[in-house]
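Step one of this worksheet: look at the structure below.
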């Protein structure tokens with residue numbers, strides 16, 4: 001099953017390497033990984049998407065918690081949550097494709113954020129499913145480049161991952 | 001500190017490091033100098049509180065520190081230089097990590113402005129050591145040195161213990177740059193708060209389950225020794241009259257000569273221990289981690305048992321074997337609370353069922369009971385050598401083992417009645433561990449009998465340390481079970497490769513006695529069983545130098561019982577011709 005795990009950790013050199021190293025060392029898989037500072041400058045927030053049986057996920061959260069720099073973590077998929085990913089995709093936009101790509105983009109509420117006579121760069125945000133669906137919808141077009149941020153997530157309601 | 005807190009003493013980074021160790025109560029550090037740590041070595045030279053032991057290879061320094069920790073319960077300290085000094089320490093750090101041994105390893109590093117430039121003797125020790133440490137840290141400001149040392153000891157010794165590396169670039173220790181020194185009393189970390197006690201509700205459930213068991217067994221591991229809970233374990237077992245088995249790492253936590261002790265379990269566990277485990281209806285696992293060398297095939301493990309698992313590390317629980325009742329916590333307070341709850345409980349153990357269980361266990365004992373072939377009085381049996389050692393040392397020696405057949409024989413036939421006396425590399429299985437380990441123990445316990453049980457293969461992996469023994473007058477006894485083969489490899493080759501001895505024969509062995517003598521030690525060679533006891537007594541009576549006891553043992557001997565690969569715990573080879 002797919003899990004989204006969000007981790008608050010000390011904003012220190014080497015902390016990220018420890019997380020990534022843990023996954024490599026113990027053979028856990030990472031589908032996407034996203035790290036950025038938070039409102040508290042001493043903390044950074046890491047969100048990763050992984051797949052595995054419940055037993056493996058349990059081991060993953062236990063081992064993450066054992067890392068000295070990890071302050072707190074939550075498996076967002078255990079409760080109601082919101083996930084978002086941002087994707088930028090550069091598409092060849094010439095001839096009939098120019099109009100077709102624009103229409104697809106509108107349907108997905110994407111934004112064209114850069115234009116040249118022959119290309120569009122489109123930004124789409126949404127959960128992983130929507131982002132993947134947009135990619136599928138563009139399958140008739142020529143994709144030049146895809147950049148995805150990986151998933152970020154947050155729990156719904158009052159629950160929060162903070163100190 | 002002699003000066004008032006308002007006027008802290010001004011020290012260099014190197015001096016702060018050594019002063020911090022002193023204020024932490026460190027008596028010995030084990031190490032080897034080199035370019036990146038020269039400022040630190042100069043600081044060592046200027047004081048006499050912290051004593052440095054110069055080894056002959058950095059690996060030995062780590063094993064000395066490790067064994068000191070295993071015997072004393074306190075973190076051992078290592079100091080090595082950058083690059084090759086650090087990489088040579090890696091095997092010892094991994095050894096400590098696998099067995100959860102507290103250790104603080106200080107590694108030198110090139111100047112901070114050179115890090116990443118492939119400078120002379122630069123290696124990324126933070127990256128290299130990351131998978132084999134509990135934590136590591138790099139010093140980026142000399143002012144941080146005292147708190148980093150405090151933090152390192154706190155992390156190494158608390159919770160599930162383990163090694164901590166402090167990587168110190170040379171420019172952090174400059175002799176002319178002084179900083180105010182103050183050693184913190186305590187460290188508080190928001191991201192690290194090891195659990196202090198177990199969950200009372202879980203403990204209640206465990207007590208209820210245990211008291212209703214008809215065929216219980218206590219399976220206790222290294223965690224009981226690390227958690228200093230030997231007394232509580234013994235009390236619990238004896239109060240309930242429940243059989244006890246110890247893992248390789250847990251030997252000594254429960255008295256080895258007690259009637260309730262069924263021996264070590266696992267791959268080379270006793271027949272009765274493995275049978276008792278397999279047929280139990282309740283397994284109380286205490287500070288043990290269901291290692292693959294214990295469980296054999298996890299799918300066939302203890303088919304009828306409910307599992308209660310007490311461990312300080314939640315990641316050890318339900319990792320390989322699902323626990324029915326997990327209890328996360330340090331074993332000592334958890335066992336204390338269990339004892340209190342048993343006292344108050346209305347439930348009582350079913351004595352009739354327990355008597356039947358003991359009858360069954362005693363029957364298993366009759367079947368094998370640790371016997372080995374004794375029909376040939378000319379051949380020296382390694383098992384007999386260990387039994388004789390146990391007799392001669394009255395079961396009180398610190399036995400520091402290397403890795404191989406001799407290790408298993410020592411685990412099986414030396415009866416440990418006290419914790420912290422059996423010192424061996426269990427998880428990593430590090431050949432070369434024994435001699436430096438014995439040195440680390442002897443240094444801190446100068447009056448104790450310290451014996452390195454080894455083989456002619458293992459001893460040669462750190463034999464250079466005979467020189468260190470000489471320098472510091474460490475009178476360890478080296479008992480070498482010399483069979484001319486890498487015995488355990490040969491045993492596997494006998495059993496699985498039709499006795500094709502691919503590179504398990506050691507040619508060109510030295511005359512170990514002469515070699516020892518060349519360092520100023522003493523050598524005793526034992527060739528015949530008749531002379532064994534007398535010569536061992538003679539060796540143990542020597543208190544001022546190393547005695548290398550080279551015992552020529554039967555190369556044909558195998559370690560039994562041995563679990564059948566992929567079987568249940570009860571599937572064992574009992575000798576070359578019998579299996580369960």
field: Protection-proxy order for peptides B:246-252, B:347-353, each taking the mean of Cβ atoms within 10 Å per residue, highest first
entry: B:246-252, B:347-353
query: On average, how many beta carbons from a partner chain sit within 10 Å of the beta carbon of a residue in A:68-80?
result: 2
field: For the stretch B:411-564: Kirkwood Rh in Å [reciprocal of mean 1/r, alpha carbons]
entry: 16.5 Å
- line: Mean other chain Cβ within 10 Å across B:128-139 is 3
statement: 1/(1 + (r/R0)^6) with r = Cβ-Cβ of residue A:80 and residue B:351, R0 = 35 Å, i.e. FRET efficiency to nearest 0.05, evaluates to 0.10
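Viscosity 1.002 mPa s, temperature 20 °C: give me the Stokes-Einstein translational D for the protein assembly as shown in µm²/s, with Rh taken as the Kirkwood radius over C-alpha pairs.
The diffusion coefficient I find is 75 µm²/s.
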query: Which shape class, rounded, prolate or oblate, goes with the stretch B:102-144 when its Cα gyration tensor gives a ≥ b ≥ c as root eigenvalues, a/c under 1.5 marks rounded, and past that a/b bigger than b/c marks prolate?
result: oblate
message: For Cα pairs less than 8 Å apart in space and 6+ apart in sequence, what is the mean separation divided by the residue count of chain B, i.e. the relative contact order in percent?
response: 13 percent
- prompt: In angstroms, what radius of gyration and Dmax does the stretch A:9-127 have, counting Cα atoms only?
  reply: 19.2, 56
Within chain B, percent of DSSP bridges classed antiparallel, to nearest 5: 10 percent
query: Let a ≥ b ≥ c be the square roots of the eigenvalues of the Cα gyration tensor of the stretch B:1-150; is it rounded (a/c under 1.5), or, if not, prolate (a/b larger than b/c) or oblate?
result: oblate
query: Per 10 Å bin, what is the whole-percent P(r) computed from every C-alpha pair distance within the stretch A:82-152?
result: 22, 59, 18, 2
- request: Decide, for the stretch B:156-216, between rounded, prolate and oblate: order the square roots of the alpha carbon gyration tensor eigenvalues as a ≥ b ≥ c, take rounded if a/c falls under 1.5, and otherwise choose prolate if a/b is larger than b/c, else oblate.
  value: prolate
query: Taking the mean number of other Cβ atoms within 10 Å as a proxy for protection, how do you rank A:126-138, B:154-166, B:229-241 from highest to lowest?
result: B:154-166, B:229-241, A:126-138
query: Taking a temperature of 25 °C and a viscosity of 0.890 mPa s, what whole-number D in µm²/s does Stokes-Einstein yield for chain B with Rh from Kirkwood over alpha carbon pairs?
result: 98 µm²/s
message: Assuming 0.36 nm per residue, please report the length gained on full extension of the stretch residue B:228 to residue B:49 beyond their Cα-Cα distance.
response: 61.6 nm
- prompt: Using every alpha carbon pair in the stretch B:158-301, what percent of pairs falls into each 10 Å bin from 0 up to the bin containing the largest distance?
  reply: 10, 32, 27, 13, 10, 7, 2, 0
Rg to Rh, two decimals, where the stretch A:2-79 supplies the alpha carbon set and Rh follows Kirkwood: 0.93
message: What do you get for the angle between helix A:15-26 and the principal long axis of chain A? Use alpha-carbon atoms, 0 to 90 degrees, nearest ten.
response: 90 degrees
field: Rounded tilt (10° steps) of B:145-157 against the dominant C-alpha axis of chain B
entry: 0 degrees
- prompt: What percent do you get for the relative contact order of chain A when only Cα pairs under 8 Å and 6+ apart count?
  reply: 28 percent
- request: Treating the Cα atoms of the stretch B:1-54 as identical point scatterers in vacuum, please give the log10 of the normalised Debye intensity I(q)/I(0) at q = 0.16 Å⁻¹, two decimals.
  value: -0.49
statement: Over its alpha-carbon atoms, the stretch B:71-225 yields an Rg and a Dmax in Å of 19.9, 71
task: Would you mind calculating the relative contact order of the stretch B:170-272 from Cα pairs under 8 angstrom and at least 6 residues apart, reporting the percent as a whole number?
output: 19 percent
query: So what's the back-of-envelope 222 nm ellipticity for chain A, counting only DSSP H runs of four-plus at -39500 (n - 2.57) apiece and dividing by all residues, rounded to 500?
result: -9000 deg cm²/dmol
task: Highest first, please rank the peptides B:186-196, B:218-228 by the mean number of other Cβ atoms sitting within 10 Å of their residues.
output: B:218-228, B:186-196
- line: Partner shielding of B:313-320, as the mean number of partner chain Cβ atoms within 10 Å, equals 4
- line: Asserting the computed 222 nm helical MRE of chain B (DSSP H runs at least 4 long, -39500 (n - 2.57) per run, divided by residue count, to nearest 500) equals -10500 deg cm²/dmol
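Any read-out appearing in this document is the output of simple, stated calculations on the displayed coordinates, not a laboratory observation. Just so it is clear, the model here is predicted, and its values are computed rather than measured. With ideal geometry, Cβ positions are generated from the backbone for all residues, glycine too; neighbour counts draw on all protein chains shown.
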